[in-house]
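Heads up, the thing below is written out as structure tokens.
The values are calculated or read from the model by the stated rules, or taken from the named source; none is laboratory data. Everything numeric here is computed off the predicted structure, so don't read it as measured data. No Cβ is skipped: glycine too gets one built from the backbone with ideal geometry, and neighbour counts run over all protein chains shown. Surface accessibility is based on the protein's heavy atoms, side chains included, excluding ligands, DNA and RNA. Shrake-Rupley method; radii C 1.70, N 1.55, O 1.52, S 1.80 Å.
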Amino acid sequence: MRIPDAKVALSTASVYPESTATAFEIAARLGYDGVEIMVWTDPVSQDIEALRRLSDYHQVPILAVHAPCLLITQRVWSTDPWVKLQRAQAAAEKLGATTVVVHPPFRWQRQYARDFVSGIWRMADETEVRFAVENMYPWRYRDREMLAYAPEWDVTKDDYRHYTIDLSHTATSRTDTLAMLDRMGDRLGHVHLADGKGSAKDEHLVPGRGDQPCAEVLERLARRGFDGHVVVEVNTRRAMSAAEREADLAEALAFTRLHLASAAAPSSSPRVPRA
């Protein structure tokens, strides 16, 4: 069996409300290939030296940095969104990460939104780190829909060098996931693996617990020879104990590895080893 080159990482957001340090411990114990750092209000997630020490201590590499693009991180690493991206790039370069994940701007960030596509290209030209722009979704309340992101929540409508596909976001936006995957094509650089059931809420379920084609996406990536990172980004806030949280993250890792490997297996009859 030929296993794809894609590494399977754990997002530090997957252990919330536990700490960034806890994510490193769990990733090491379960055998993840690395972590993606969600830069947010946890001071450790913002501290490059603290992250380096955690990575060295647990022998878990940092594969990606998620820039602070959430509503709760509006003041993390400056209030200027371009400064946030510059600091995310610097962190990735110092920590050996290959990817910076970034959301499209909020619509009220008008100047940032106006220059976003060209600005991302400019930054991507200045570094070997990939800036992988992530698909988002409309915000919904009952029968109302608000377009919160600009230029587009469907990032395939704009021209970026690299994309991140998030399968919880495709569920929330009620998008055809496989069609979006095809539109991203060779520009797909990064995957956030989670599941969802099409709720207006961004659910981030463990893969296999929603209605997204998580298995088929992984199998397609394996057949393509995808060499980016597959990051488990699930919501474990409702876990009743540390053991339950860890069981969910172990299940997500097993699901991911199984479907990446099964698609990579040759379709012909198995080879008989020589004596």
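Quick one: would you say R223 is at pLDDT 95 or above and basic (K, R)?
Considered against the rule, which asks whether it is at pLDDT 95 or above and basic (K, R), R223 comes out as no.
I'd like the residue in the range 7-26 that is hydrophobic (A, V, I, L, M, F, W, C) and in a helix (DSSP H, G or I) and, out of all such residues, is surrounded by the most Cβ atoms within 10 Å (Cβ to Cβ).
Here the residue is A23.
Return yes when I48 is of a type outside the set (G, A, S), closer than 29 Å to E251 by Cβ and either open to solvent by less than 60 Å² (accessible area, probe 1.4 Å) or over 18 Å from the mean Cα position of the chain (by Cα) (or both) and no when it is not.
So I48 does not fit the description; no.
With respect to D166, determine if the residue is at pLDDT 95 or above and on the phi < 0 side of the Ramachandran plot.
Yes.
What number of residues in the range 52-109 are at pLDDT below 95, among the charged types (D, E, K, R) and in contact with a Lys or Arg (Cβ under 9 Å, 6 or more places away or on another chain)?
Residues flagged as at pLDDT below 95, among the charged types (D, E, K, R) and in contact with a Lys or Arg (Cβ under 9 Å, 6 or more places away or on another chain) within the range 52-109 amount to 0.
Out of everything in the range 134-162 that is closer than 18 Å to D176 by Cα and of a type in the set (A, V, I, L, M, F, W, C), what residue ends up being modelled with the lowest pLDDT?
For the range 134-162, the residue satisfying everything is W139.
Suppose we keep only residues that are in a loop (DSSP other than H, G, I, E, B) and closer than 19 Å to E49 by Cβ within the range 84-105. Which one would you say is most open to solvent (accessible area, probe 1.4 Å)?
G96
Output the residues belonging to the range 43-68 that are closer than 21 Å to E128 by Cα and outside any helix (DSSP H, G or I).
P61, I62, L63, A64, V65, H66, A67, P68
Quickly run through the range 211-243 and pick out the residues that are open to solvent by 50 Å² or more (accessible area, probe 1.4 Å), among the aliphatic types (A, V, I, L, M) and either in contact with a strand residue (DSSP E or B) (Cβ under 6 Å, 6 or more places away or on another chain) or not in a helix (DSSP H, G or I) (or both).
M240
Mind checking which residues of the range 212-263 are β-branched (V, I, T) and closer than 16 Å to A171 by Cβ?
Correct list: V217, V232, V234.
Pairs, please: C-beta under 6 Å, at least 6 apart or cross-chain, first residue in contact (Cβ under 8 Å) with a residue 12 or more places away in the chain and open to solvent by less than 20 Å² (accessible area, probe 1.4 Å) and in the range 52-65, second of a type in the set (S, T, N, Q) and in a helix (DSSP H, G or I)?
Qualifying pairs under 6 Å: I62/S55.
Regarding K84, is this residue within 30 Å of R238 (Cβ to Cβ) and free of Cβ contacts under 8 Å to residues at least 60 places away in the same chain?
yes
Assuming E246 fulfils every condition listed in (1) modelled with pLDDT of 95 or more; (2) within 17 Å of the chain's Cα centre (by Cα); (3) part of a helix (DSSP H, G or I) apart from one, which condition is it?
(2)
Would you be able to say whether some residue in the range 27-42 is in a loop (DSSP other than H, G, I, E, B), surrounded by fewer than 23 Cβ atoms within 10 Å (Cβ to Cβ) and acidic (D, E)?
yes
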